[in-house]
2 protein chains.
Amino acid sequence: MSEKNLTDQADTAQASSTVDSYSEVKFKASLAGTAARRMASLSTDEKNAALLAMADALIVEADSLIEANREDLERGRAGGTSESLLDRLMLNAERITSISDALKLVADLPDPTGRVLETIERPNGLHIEKVSVPLGVIGIIYEARPNVTVDAAALCLKTGNAVVLRGGSAALSTNKRIAEVLRAALAQTSLPPDALQVIEDASRSSVDEMLKLNGLLDVIIPRGGRSLINNVVQNATVPVIETGAGVCHTYLDASADPSMAEAIALNAKIQRPSVCNSMETLILHEDFANRELSSLAGQLLERNVELRGDERTRELVPEANPASEEDYGTEYNDYILNIKIVGGLDEAIAHIDKFGTKHSECIVTEDEKNAVRFLNEVDAAAVYHNASTRFTDGFEFGFGAEIGISTQKLHARGPMGLPALTSSKYRIYGTGQIRQ
Amino acid sequence: MSEKNLTDQADTAQASSTVDSYSEVKFKASLAGTAARRMASLSTDEKNAALLAMADALIVEADSLIEANREDLERGRAGGTSESLLDRLMLNAERITSISDALKLVADLPDPTGRVLETIERPNGLHIEKVSVPLGVIGIIYEARPNVTVDAAALCLKTGNAVVLRGGSAALSTNKRIAEVLRAALAQTSLPPDALQVIEDASRSSVDEMLKLNGLLDVIIPRGGRSLINNVVQNATVPVIETGAGVCHTYLDASADPSMAEAIALNAKIQRPSVCNSMETLILHEDFANRELSSLAGQLLERNVELRGDERTRELVPEANPASEEDYGTEYNDYILNIKIVGGLDEAIAHIDKFGTKHSECIVTEDEKNAVRFLNEVDAAAVYHNASTRFTDGFEFGFGAEIGISTQKLHARGPMGLPALTSSKYRIYGTGQIRQ
C-alpha cells in the first residue's frame, strides 16, 4: 500500500464520524488493524524517526493546538467544570513543549520488540525461537488530560502497535486536533498514519462498542478513575489490563527506626495524596504506637490530614475520628488517613490481606526476619522494606516510561514499561519434521 | 491453622453442595483463597512431596475411582451419550496408572516460582527485585475427561496456586471421588487440602458465577470445545486465558521440496485431525499446484479426506467439492480439508490473515527469503518453516507439561508450560528512601 493511499484512507477515517458511531469505532479499528500488520515489520529507526517527527509537529502546530484547546476550555467553563479539572485540561506553550520533550524521550528508549527471548533445540532437530512482537491493536480508554493522547500514542507506536484512543468528551476538540497534527506528521514518515486513531464519538456507546471488539482490538487499557476502570473490567470481552486502584498500607513495626518511620509515613501520605501509590492506612505495632504515635499524629494533623482510627488509636490521639470498615477499604486520594493499631506482624498482614488492593505495601522495621516475612507473604504488585510506597512508578523504577500500574496478575503486574506492550510468538525452523 | 482444622474445613467445603449453588462456588473459592496464601510460602520439596502423595493415592484408590466412574458411564449410557464420548470418560486400571505417572512427571519438573527475574539498582540506593510468584487462585472450566481433573490440579499446585475445578456434569461422580482421594492425600502432607476444590454443582449457574468472581479468582482457563470457550470469553469479568481454536494453514510455496511438502501436509491433516494444531486449509502456489496437487490430492482422498477447494483446485482435482467463505473459516477437526491456490506469498499471507485464528501456520519452501517473510509477517502463536504444525504442543516444545495453547496475546501465547501459571511481584529494599 502506498503512502498516498494510506493518507487517503486516513482522511476517510477522520470523515467517518459523520456516519453513525458503530461505523466509526469499527471502521477505525479495522484501519488500525491493517496498519498494525505494517507496523510489525518496521525497524526501530523508522519508529524513532516517526516519534521525532511527531514531537516537532506539536511545536510547529502549538498555536492551532492551543486554539482547539480553548474551545474545550470554553465549553467546559460554560458547563460548570471545576477549575481544577479545567487546569488539567489546559494546554499552553510550556505544556506543549513538555509533551513534545516526552515524545523525544520515548524515541530514546530501547525497542522491546524483535528480541529472541528464548531458544529451544529439540532432539528431533527442530530449532524453536520465542521472539517478542507487538501486541497488535491497543485500545486506550481515558479521561480528560490531553497529554495522555500523545503519551499513549507514543508508547504504542514505539512498540510497533497500532492504537485506538477514546478520550473524554471534555477534551474532544483538543484530541481531534492532536490526532490531525500527529497523523499528518506520520504521513511524512514510513509509519502508516492509520496506526493512530482517535474516536470522535464522545457518547458512551463508542466505549461500549470498543469493549466488545474482539478480533479487532488485542487489548484494552483503561486509564482514569475507578468508575471508568470498573466499567471496562465489568463489560469488556476484549482482554483488559486493569490499572489503578490503590488502598496502600505502611506498617510501622515494633523495631522501626522512629525518624525513618516518620519520614516514610509522612511522604507516603502527603507528598502527593491524589495518586494511587500514596498511603491510605497507617498500621502500627502497639509498642511503636505507644511510643511514637502521638508525635507522628501531631505532624499529620499539622499538615491538615484528617485522621480516622480504631479505639486504641483514639485513646492515643483524641483528635482522630472513628474509622469504619468501609473507611479501611476506601481509596481516599485525599488528606485523610486511616490508622490501625495491631498486636504484631500477623495481624498487620491479615489487615492488608482483607482491605488492600494488592498495589503497594510497606513495612518499616529493623527486624530482618519480619521484613522477609512481610515481603514474601504480602500479596501485592510492589512490597517495600524501609522505603515509601510512592516509588511504585515506571520512571522511579528506571523504565523511562509508564503505561500505567497494573493491579492484575496476568501479563504485567505493577509499573508497566514498554515491554508490557509486547507479546511473543514462536518461530520454528525445521528440515521436514513431522509428528509421529 | 493446624492440619486438623484444615481437614475439618475441607469436610465443610465438601458438605456445602447441599446448600444453594451460589454458596458452593463462592465458599469454595474463598477457602481456596485462604489456602493460596499458604501455598505461596511452601518450598518446592513440600509441593513435590504432595504431588507424589497424590500419585500414590490414585493407585491405592483405583478401585473406588473405577466404581465412581462406572456411575458416570451408566448414567451416560442411559442418557444416550455416544460411545466415543463414553470412551473419553472411561477410567480403567491402565488409565489410572498413566494419570498417576503423569503426576510424578510434574513433580520432576523445575519449580518456576521464587525466581529473581530481574534486578534493578536505582541511583537513590533502592534495590528492586522482580520475583516470580504464583498467580493465586486459578479457575479451570472444562469438559468430560477426568484426567484433566488430576492434570490441572497437579500443574496448579506445582506452581503454588490453589485451584477451583469445574468439570462437566458427565464426569461428576468421577471428579467428586478424585477430589476426595486427592484432598485426603494432601491432608497427609504440608499442602492445605483446600488448595484443591471441585465444584459439584453441575448446572450452568455455577459456571456463570465463577466467571464473575473477581477478587476471589485471579484467572480462569477454559479447556474444551468452542462453545465452552466462547461462553467464558464472552461472559467472564475475571481475566481469562483463551485457549483452543485453530484454523491452521500449510502453505506450499513454488520452490517447496515435493516429498517434504507431501509428508508435512499429510501429517498436519491426518496424524490426528481432531486437535487444534492440525491443518484445516492447504494453500498452494499455483506453480506447485500445477505440478503436484493431483498426486497429493490422490493421497488425501485415499485416506478418506473430503476435499473442498476453489475453482482452480477443482480444475486440477475433480473430486473436490466447492469451498465456501464459511468453509475457509471453519475448524473442522475432522477428515475434511479446504484447498486454496494462490499466485504467490502475499496472497497466501492475506488468506491466512483473513481466515486464520493466529494459532499455528506453516510455510514449506526452499526459498530462504520467502521463509523469513512468512515467519515475520504471519501473525500467529507459532509459525513454522518446513515442519508440521502438529508440533505446537507443550511436550513437543520440551516444556514437560502443557496447560493449554493460548490463542490470545496477553500473558502467554502458544503452548503454555508451568511459567504460564505464575505472575510476578516487585520486592523493593530501602534504607529510608522517600520521594522528593
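Run the reach check for A:Lys354 against lysines, Cα to Cα strictly under 18 Å, same-chain hits fewer than 8 apart removed. What comes back?
A:Lys340, A:Lys409, B:Lys26, B:Lys28
For B:Ser203, go 7 angstrom from Cα along the Cα-to-Cβ vector, then report the distances to that same point in the other copies in nm, smallest first.
Listed shortest first, these distances are 3.8 nm.
Kindly give the semi-axes, whole Å and largest first, of the ellipsoid equivalent to segment A:276-344, taking each as the square root of 5 times a Cα gyration tensor eigenvalue.
They are 17, 14, 11 Å, listed largest first.
Counting only other chains, and only Cβ atoms inside 10 Å, what mean value do you get across the residues of B:384-393? Write out the running numbers ahead of the final one.
Working: counts 8, 6, 7, 14, 7, 2, 4, 10, 3, 1.
What the average comes to for B:384-393 is 6.
Compute the acute angle (0 to 90°) between the alpha-carbon long axis of helix A:368-377 and the principal axis of greatest extent of the alpha-carbon atoms of chain A; round to the nearest 10°.
The answer is roughly 50 degrees.
Of the peptides B:299-310, A:280-291, how do they stack up when ordered by the mean number of other Cβ atoms within 10 Å, highest first?
Descending mean neighbour count gives A:280-291, B:299-310.
Got a sec to turn the phi values of segment B:83-96 into Karplus ³J(HN,Hα) couplings, 6.51 cos²θ - 1.76 cosθ + 1.60 with θ = phi - 60°, whole Hz, x for Gly and Pro?
4, 5, 5, 4, 5, 5, 7, 6, 10, 9, 4, 5, 5, 5
I'd like the accessible area for B:Ser227: 1.4 Å probe, protein heavy atoms, all chains in place, Å² to the nearest 10.
Its accessible surface works out to 90 Å², give or take rounding.
Keeping the other protein chains in place, figure out the carbon and sulfur percent of the accessible area of segment B:22-109, with a 1.4 Å probe.
Here carbon and sulfur together make up 54 percent of the probe-accessible area.
Can you pull the semi-axes for the protein assembly as shown, root of five times each eigenvalue of the Cα gyration tensor, sorted largest first, whole Å?
So the equivalent ellipsoid measures 46, 39, 22 Å along its semi-axes.
Where a ≥ b ≥ c are the square roots of the eigenvalues of the C-alpha gyration tensor, would you call segment A:112-201 rounded, which needs a/c under 1.5, or, failing that, prolate if a/b is larger than b/c, or oblate?
Prolate, because a/c is 1.5 or more and a/b exceeds b/c.
Give me the percent of Cα-Cα pairs in segment B:357-403 that sit more than 15 Å apart, rounded to a whole number.
So the pairs more than 15 Å apart make up 46 percent of the total in segment B:357-403.
Would you work out the relative contact order for segment B:248-391, in percent, from Cα pairs under 8 angstrom that are 6 or more residues apart?
Details: 276 pairs, mean separation 48.8, N = 144.
It rounds to 34 percent for segment B:248-391.
Highest first, please rank the peptides B:48-56, A:39-47, A:374-382, B:151-159 by the mean number of other Cβ atoms sitting within 10 Å of their residues.
B:151-159, A:374-382, B:48-56, A:39-47
Per the helix-only calculation at 222 nm, which mean residue ellipticity applies to chain A, given -39500 (n - 2.57) for every DSSP H run of n ≥ 4 and division by its residues, nearest 500 deg cm²/dmol?
For chain A, the value works out to -14000 deg cm²/dmol.
For segment A:248-391, give the magnitude of the charge dipole about the Cα centre (Cβ charges: +1 Lys/Arg, -1 Asp/Glu; no others), in debye to the nearest 20.
Here segment A:248-391 has a charge dipole of around 400 debye.
Could you give the size of the charge dipole of the protein assembly as shown about its Cα centre, using +1 on the Cβ of each K and R and -1 on the Cβ of each D and E, expressed in debye and rounded to the nearest 20?
In debye, rounded to 20, the protein assembly as shown gives about 0.
Regarding segment A:36-90, what are the three Cα extents along the principal axes, ordered largest first, in Å?
Taking max minus min along each principal axis of the Cα atoms, segment A:36-90 gives 47, 24, 16 Å.
From the C-alpha gyration tensor of segment A:223-294, pull out the three semi-axes of the equivalent ellipsoid (sqrt of 5λ each), sorted largest to smallest, in whole Å.
So the three semi-axes of segment A:223-294 are 35, 12, 9 Å.
Over segment A:203-326, what per residue volume does the convex hull of the Cα atoms give, in whole Å³?
So the per-residue hull volume is 140 Å³.
Scan segment B:312-358 for chymotrypsin sites (Phe, Trp or Tyr not before Pro) in coil per DSSP, keeping those whose Cβ has at most 15 other Cβ atoms within 10 Å, and list them by number.
B:Tyr335
Where does each of B:363-372, A:93-102 land if you order them by average Cβ count within 10 Å, highest first?
Output ranking for B:363-372, A:93-102: B:363-372, A:93-102.
For A:Ile270, B:Ile339, give me the order by solvent-accessible area with a 1.4 Å probe, most accessible first, ignoring ligands, DNA and RNA.
From most accessible down to least: A:Ile270, B:Ile339.
For peptide A:402-414, how many partner chain Cβ atoms fall within 10 Å of a residue's Cβ, on average? Working shown, then result.
Details: counts 0, 0, 0, 0, 1, 0, 9, 12, 13, 8, 4, 7, 7.
Partner Cβ neighbours, averaged per residue: 5.
Please calculate how many Å² of accessible area the protein assembly as shown carries per residue, with a 1.4 Å probe and no DNA, RNA or ligand atoms counted.
Spelled out: the 1.4 Å probe surface of the protein assembly as shown, per residue, equals 38 Å².
Cα axis of helix B:147-158 to longest principal axis of chain B: angle in degrees, 0 to 90, nearest 10?
60 degrees
Tell me the relative contact order for chain B as a rounded percent, counting alpha carbon contacts under 8 Å between residues six or more apart.
Result for chain B is 17 percent.
Would you mind pulling out the separation of the Cα centroids of segment B:343-393 and segment A:252-329, in Å?
Cα centroid to Cα centroid, the span is 59 Å.
Give the residue from A:Gly244, A:Pro273, A:Asn386 lying farthest towards the positive end of the charge dipole for chain A; charges sit on Cβ (+1 for Lys and Arg, -1 for Asp and Glu) and the dipole is referred to the Cα centre.
A:Gly244
Shielding of A:354-360 by partners, i.e. mean partner chain Cβ atoms within 10 Å per residue?
1
Output the residues of segment B:230-247 meeting this criterion: accessible area (heavy atoms, 1.4 Å probe) in the chain alone minus accessible area with all protein chains in place is 30 Å² or greater.
For segment B:230-247, once contacts with the other chains are taken into account, B:Val233, B:Gln234, B:Thr237, B:Pro239 lose 30 Å² or more.
I need the phi-derived Karplus couplings for segment B:173-185: 6.51 cos²θ - 1.76 cosθ + 1.60, θ = phi - 60°, integer Hz, Gly and Pro marked x.
Computed from phi, the couplings for segment B:173-185 are 5, 4, 5, 4, 5, 4, 4, 4, 5, 6, 5, 5, 5 Hz.
Could you tell me what a quarter of the Cα convex hull surface of segment B:342-436 works out to, in nm² with one decimal place?
Approximately 10.5 nm², given one-decimal rounding.
Calculate the translational D of segment A:248-391 in whole µm² s⁻¹ from Stokes-Einstein, where the hydrodynamic radius comes from the Kirkwood formula applied to all Cα pairs, the temperature is 37 °C and the viscosity 0.692 mPa s.
Diffusion coefficient, whole number: 227 µm²/s.
So, taking all protein chains as they sit and a 1.4 Å probe, how much accessible area belongs to B:Glu262, in Å² rounded to tens?
In the full protein context, B:Glu262 sits at about 60 Å².
Under 5 Å between amide H atoms, partner at least 5 residues away or on a different chain: which partners does B:Leu284 have, H built in plane at 1.01 Å?
The answer is B:Leu252, B:Lys340, B:Ile341, B:Val342.
Quick one: angle between helix A:226-235 and the longest Cα principal axis of chain A, in degrees between 0 and 90, rounded to 10, please.
Once rounded, the angle reads 60 degrees.
Given 0.36 nm per residue, what is the gain on full extension from B:Glu326 to B:Asn214 after removing their alpha carbon distance, in nm?
Separation in residues times 0.36 nm, less the Cα-Cα distance, equals 36.7 nm.
A plus B alone minus the pair: what accessible area, both sides summed, probe 1.4 Å, in Å² to 100?
On the way: alone 19290 and 19300 Å², together 32850 Å².
About 5700 Å² of accessible surface is lost on pairing.
Please give the charge dipole size of segment B:121-179, origin at the Cα centre, charges +1 on K and R Cβ atoms and -1 on D and E Cβ atoms. Round to the nearest 20 debye.
The dipole magnitude comes to about 200 debye.
If you bin the C-alpha pair distances of chain B every 20 Å from 0, what whole percents do you get?
Over chain B, the share of Cα pairs per 20 Å bin runs 24, 47, 26, 3 percent.
The values are calculated or read from the model by the stated rules, or taken from the named source; none is laboratory data. Predicted model only: the values in this text are computed from it and were never measured. Please note: Cβ atoms are built from the backbone with ideal geometry, for glycine as well, and neighbour counts cover all protein chains shown. For the accessible areas, the whole protein counts, side chains as well, though only heavy atoms, and no ligand, DNA or RNA atoms are used. Shrake-Rupley method; radii C 1.70, N 1.55, O 1.52, S 1.80 Å.
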